[in-house]
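Below is one structure, written out as structure tokens, with a few remarks after it.
The values are calculated or read from the model by the stated rules, or taken from the named source; none is laboratory data. Source: prediction; values computed, not measured. Counting neighbours? That spans all protein chains shown, and the Cβs are built from the backbone with ideal geometry, glycine included. In case anyone asks, the SASA skips ligands and DNA or RNA and just uses the protein heavy atoms, side chains included. Shrake-Rupley method; radii C 1.70, N 1.55, O 1.52, S 1.80 Å.
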Amino acid sequence: MYLTADPIELGALLAMAQSPRHGGVASFLGCVRDHQAGRAVLRLEYSAYNPMAEAECGRIVGEAESKWDCIVALKHRTGTLQIGDVAVAIVAASAHRDEAFAACRYVIEEVKRRVPIWKREVFVDGTVEWVGSGEAGKQGSGEVVGGRSQS
Amino acid sequence: MTAVASTVTIRVLLFASYAELLGSDALDLVLDNPARVRDAVERLRAFPGGDRLPAKPLCALNLTQVEPDTLLRVGDELAVLPPLSGG
């Protein structure tokens, strides 16, 4: 299971990926930021098309593992997240650092590009917007900028 | 001989901003046979609030991304996906 409604523990992902064969271990955490385009963010709400998101995460992890001979651990949160919470975590372990960094970078970029997950920004001023949906996601009076990303 | 069905009933799933536009996250559509993905989208765009759906939204049929001209079969699950924003 790559999606979780529970807080993500980096230690658990490290334990999943590390092994005596792997001397290079890279990690990436995407955390909830307190601002977006100059506006104060209160929290983020994540939703997903769960069965497709699980399948797509599995494909991405498989691609990274075959491309760089590494082990990848990946978790993505759903539900309501507060400022500082970990939204996505990736650990890539390989024999050497180059492969570990490359795999970690690949996985976060592909997750953002391909996995059906959506986030809604709740701003301190009370407005609420779906990220990336432009006018279709507009609620309240705030400005909407299409195609941007939180982490 | 089995007669060709005159209609195709599919399940449509809507997410995030699109679910809010249409006021629902799941509905059934009965379309004339043969029906393609674009026909289902066109029907959705005629619903109240659906006029703000793009003409060619990202769509997945039974968990796999598809093009607008993909044929629909009885019982298919068509997910209409807003711009992705995970991470």
**Prompt:** About the Cα centre of the stretch A:22-104, what is the dipole size in debye to 20, counting +1 per Lys and Arg Cβ and -1 per Asp and Glu Cβ, all else neutral?
**Reply:** 300
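Calculate the dipole size of chain B relative to its Cα centre from +1 charges on Lys and Arg beta carbons and -1 charges on Asp and Glu beta carbons; express the result in debye to the nearest 20.
100
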**Exposure of residue B:67 as accessible area (Å², to 10), given a probe of 1.4 Å and all protein chains** = 120
**Message:** With unit charges on the beta carbons (Lys and Arg positive, Asp and Glu negative) and the dipole taken about the Cα centre of chain A, which residue among A:11, A:27, A:78 sits farthest to the positive side?
**Reply:** A:27
**Request:** Under 1.5 on a/c is rounded, so check that first for the stretch B:44-87, then, if it is not, pick prolate when a/b is larger than b/c and oblate when it is not; a ≥ b ≥ c are the square roots of the alpha carbon gyration tensor eigenvalues.
**Result:** oblate
**Item:** Cα gyration tensor category, rounded, prolate or oblate, for chain B with a/c compared to 1.5
**Value:** prolate
**Request:** Compute the signed sum of charges (Lys and Arg +1, Asp and Glu -1) over the other residues within less than 11 Å, Cβ to Cβ, of residue A:83.
**Result:** 0
**Prompt:** Going by accessible area, probe 1.4 Å, with all protein chains left in place, what is the ranking of A:123, A:28, A:101, B:15, largest first?
**Reply:** A:101, A:28, B:15, A:123
**Item:** Computed magnitude of the charge dipole of the protein assembly as shown (debye, nearest 20; Cβ of K, R +1, Cβ of D, E -1)
**Value:** 260
**Asked** Does the protein assembly as shown classify as rounded, prolate or oblate by the C-alpha gyration tensor (a ≥ b ≥ c root eigenvalues; a/c under 1.5 gives rounded; else a/b over b/c gives prolate, otherwise oblate)?
**Response** oblate
**Message:** So, taking all protein chains as they sit and a 1.4 Å probe, how much accessible area belongs to residue A:67, in Å² rounded to tens?
**Reply:** 130
**Request:** Could you please put B:85, A:27, B:6 in sequence from largest to smallest accessible area, using a 1.4 Å probe?
**Result:** B:6, A:27, B:85
**Message:** Helix-only estimate, please: 222 nm mean residue ellipticity of chain B, summing -39500 (n - 2.57) across DSSP H runs of length 4 or more and dividing by its residues, to the nearest 500.
**Reply:** -5000 deg cm²/dmol
